[in-house]
Structure formats: C-alpha cells, structure tokens
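Worksheet for the structure shown next.
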Amino acid sequence: MVVDEHILRIEPDGAPRATILIVPPLFEEANRTRRTLVLAMRALAAKGFAAAMPDLPGQNESIVALEDADLALWQATLAEIAAGIDGPLLVASVRGGCLIDHRVEAAGRWRLAPVGGSSLLRTLLRARVSADREAGVTSSLESLSEMAQHEPLLLAGNRLSPAMIAQLGAAEVQPVNPLRGVTLGTDGIAGAPLWLRAEPGEDAAMAEAIAADIADWSAACDVR
C-alpha cells in the first residue's frame, strides 16, 4: 500500500455498470470544483455507474502533510487505488488531474480542460508574488524559483516541496488510449471555468453535462 486515503464513493441502485474514477484538479482548483464534481458523481450514479473520488496524499482528509507529497506519489497512489476497484473502470480527470492519471489501468479515459504542470506552477508563483507585494515583500518568479530548489515554498496556501515544484514544472499530460478530451465551452459542456473563481461554487447544469458525456463515452469504450 502506497498511502491509505479516504475515497468518496457514490453507488447506484443495484450493481454498477462500471466505476468512474474521478481525478479532480490539483491544489486550490480542487476546492473550487469539488461541489460540481460531487454533483456529477450523483448524476453518474443515477445513470447506473459507481463514482469514486479519492483524496490525494496531502489533500482534504489526508493525514499526509502536503510538503511530503509529490507528483510521483500522487501517480502511484492513484494507480494503486484504481487497481483495488473491481469491474470495468473509466477514469475522468479534470485540469491538473490529467497529469497524474496515465499510470492507471482503465478501459478508457475522459479528460476535461487538461493543463500542463508548468502552467499550473506559473499561476501558483504569480499568486505568491502578488501576495508578497500586498504584504510589502519584494519577490519575483525568478527569486521564488531559485528558493524552490532548496526549500519548500508556500504557494497559494499550499506548502510544496522542492521535489513537487520540480516535478510540476516539468510535467506534461501524457498520451493515453482510448481517450476523449473535452474542452469547456464546446463538446456540450457549457459554463464558466469553476477553477478560476475566487470562491468554491457549483454548476448543476455542468455536472449533468459532464455525467452525460462520460456515460456516452463509456459506451464508445464498450463499457455498458
């Protein structure tokens, strides 16, 4: 066992057609999207699927300190959790979650608005520069990147280790097959990007659209 983490699981009435493993966005984006993803899980259950969303080490109810986690641990933990799920499995990942889903054995993958690790890292660093400026502290992307090679950094409320920052800066979404990639605003998934909101919110229409699209994709993957 890599890490024993809490898993939110919503079951359908009767035997599930398959399990949808939800991989949420990373860091603060996970908090901003969680309510909508839970609504999508409930909508999937209404369609006969089980839906599971695990806490990553260092996130939510995890007993692991975030400073002790990195992308490699997240990838290994997710793969081990998936290996313990019986029956057909599909993976549905959002944003930065798409960076850690490629080691999972699954009948298919569904990705919403995937983003590279360097883009996520720049957003976190810019948030730190802005916070420092408001506090009267001078910093820059360059100075913070130098610090991150030697010590943990507090970025947007997340204390990240040098290993996490280095891995995040180099991480790219890996090709997988079969895959359905979905762009918000097209492909029938309408709504504003929840991960950009200042506070957590929910979008029930988006949740229903996500569940419907995943259900259609499961049939295309011959998971019925």
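Just so it is clear, none of the values below were taken in a lab; they were calculated from the coordinates. Given the structure is predicted, the values throughout are model-derived calculations rather than measurements. Please note: Cβ atoms are built from the backbone with ideal geometry, for glycine as well, and neighbour counts cover all protein chains shown.
Over all directions, the projected convex hull of the C-alpha atoms in region 131-201 averages 7.5 nm² in area.
Helices meeting the span-like rule in the chain (full DSSP H runs, Cα extent of at least 15 Å along the helix axis, mean Kyte-Doolittle score of 1.0 or higher): 71-83.
When the chain is treated as a Gaussian network with alpha carbon springs shorter than 10 Å, the biggest mean-square fluctuation among E80, E28, E199 belongs to E199. Solvent-free Debye calculation, one equal scatterer per alpha-carbon of the chain: log10 I(q)/I(0) at 0.07, 0.11, 0.17 Å⁻¹ equals -0.22, -0.54, -1.22. For region 88-118 versus region 159-191, the spacing of their alpha-carbon centroids is 7 Å. What is the calculated FRET efficiency for M147 to A72, with r their C-beta to C-beta distance and R₀ = 30 Å, to the nearest 0.05? Between M147 and A72 the formula returns 0.90. Determine which residues of region 24-48 fall in the zone a paramagnetic label at A198 would reach in this model, i.e. backbone nitrogen under 20 Å from the point 7 Å along Cα→Cβ. Inside the label zone: 28-35.
If you plug the beta carbon distance of K47 and V137 into 1/(1 + (r/R0)^6) with R0 = 41 Å, you get a FRET efficiency near 0.25. Helical content of the chain, expressed as a calculated mean residue ellipticity at 222 nm, amounts to -12000 deg cm²/dmol (DSSP H runs of 4 or more residues, -39,500 (n - 2.57) each, divided by residue number, nearest 500).
Along its principal axes, region 33-165 has C-alpha extents of 54, 26, 25 angstrom, given from the largest down.
Label positions at E11 and T186, each projected 7 Å from the Cα along the C-beta direction, are separated by 4.0 nm.
Using just the alpha carbons, could you tell me how many Å³ per residue the convex hull of region 48-94 encloses? Mind showing how you got there, number by number?
Values: hull volume 4.6 nm³, N = 47.
For region 48-94, the hull spanned by Cα atoms encloses 97 Å³ per residue.
Can you give the alpha-carbon Rg of region 117-172 over 2.2 N^0.38 Å, where N counts its residues?
Values: Rg = 10.5 Å, N = 56, 2.2 N^0.38 = 10.2 Å.
Against the empirical 2.2 N^0.38 Å value, I get 1.04 for region 117-172.
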